[in-house]
Amino acid sequence: MPLPNLNHEGELPEGIHPATIDEVVAQFGSGTEQRVVVTERLKHIYQLAKETGHLQRLLIFGSYITAKPKPNDIDVVIIFDDDFDIAACTEDIERLLTHQQTENEFGASIFWIRPSLLFLETLEEFVEGWQVKRDGTRRGIIEVRK
């Protein structure tokens, strides 16, 4: 199922929209040089997360999945399987999952979690929470499954 069209505000309609990484790239990966650069970052992040063998979902939100011609960075939440162990990862993946390094090195804001670390909400409630913007309104987000 293709991603929906952007609304009059240049955003995805509210909801969690499933997509493949190729569908995300096709819809948001061109138009300006900045979009091309940020798309390459996203593809690299996705590939590293996938290489762990423990990727469940990758949530994408923020300016990249809007009509904004020059998104600043890529904003993602990586959901790993419960048996994911960062200590067993390569140095590249450790750097990817260290928040300050990801902003400097990958040009991204990356958050990650294992479902067993949640204790006040279900995984679905956690995912739904990423639809809420700073001003309290809701937006659409993209969910890439492995």
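The values are calculated or read from the model by the stated rules, or taken from the named source; none is laboratory data. Remember, it's a predicted structure, so these values are computed and weren't measured experimentally. Counting neighbours? That spans all protein chains shown, and the Cβs are built from the backbone with ideal geometry, glycine included.
Quick notes on this structure:
- Residues (assigned to a strand (DSSP E or B) and either without any contact (Cβ under 8 Å) to a residue 12 or more places away in the chain or over 14 Å from the mean Cα position of the chain (by Cα) (or both)) located in the range 134-146: Arg138
- Taking (1) part of a loop (DSSP other than H, G, I, E, B); (2) in contact (Cβ under 8 Å) with a residue 60 or more places away in the chain; (3) of a type outside the set (Gly, Ala, Ser) in turn, Asn72 satisfies each apart from (2).
- Check on Ser63, free of Cβ contacts under 8 Å to residues at least 24 places away in the same chain and among the small types (Gly, Ala, Ser): yes
Each row is one residue, and each column tells you yes or no for (1) outside any helix (DSSP H, G or I); (2) surrounded by 13 or more Cβ atoms within 10 Å (Cβ to Cβ); (3) of a type outside the set (Ser, Thr, Tyr); (4) at pLDDT 95 or above.
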| position | (1), (2), (3), (4) |
| --- | --- |
| Lys43 | no, yes, yes, yes |
| Gln47 | no, no, yes, yes |
| Leu59 | yes, yes, yes, yes |
| Ile78 | yes, yes, yes, yes |
| Gln100 | no, no, yes, no |
| Glu103 | no, yes, yes, no |
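- Test result for Leu96, surrounded by 19 or more Cβ atoms within 10 Å (Cβ to Cβ) and under 29 Å from Asp135 (Cα atoms): yes
- Pairs meeting the criteria (first residue in the range 106-133 and within 30 Å of Val37 (Cα to Cα), second residue aliphatic (A, V, I, L, M) and assigned to a loop (DSSP other than H, G, I, E, B), beta carbons under 6 Å, at least 6 apart or on different chains) are Trp112/Leu97; Phe126/Leu118.
- Check on Ile93, assigned to a strand (DSSP E or B) and either within 16 Å of the chain's Cα centre (by Cα) or at pLDDT 90 or above (or both): no
- Contacts under 7 angstrom Cβ, first residue in the range 26-43 being within 20 Å of Leu58 (Cβ to Cβ), partner part of a helix (DSSP H, G or I) and of a type in the set (Lys, Arg), 6 or more apart: Phe28/Arg35; Gly29/Arg35
- Considering the range 3-41, and only residues there that are closer than 24 Å to Leu97 by Cβ and of a type in the set (Ser, Thr, Tyr), the residue that is surrounded by the most Cβ atoms within 10 Å (Cβ to Cβ) turns out to be Thr39.
- The residue that is surrounded by the fewest Cβ atoms within 10 Å (Cβ to Cβ), counting only those in the range 105-123 that are charged (D, E, K, R) and within 27 Å of Lys43 (Cβ to Cβ), is Glu105.
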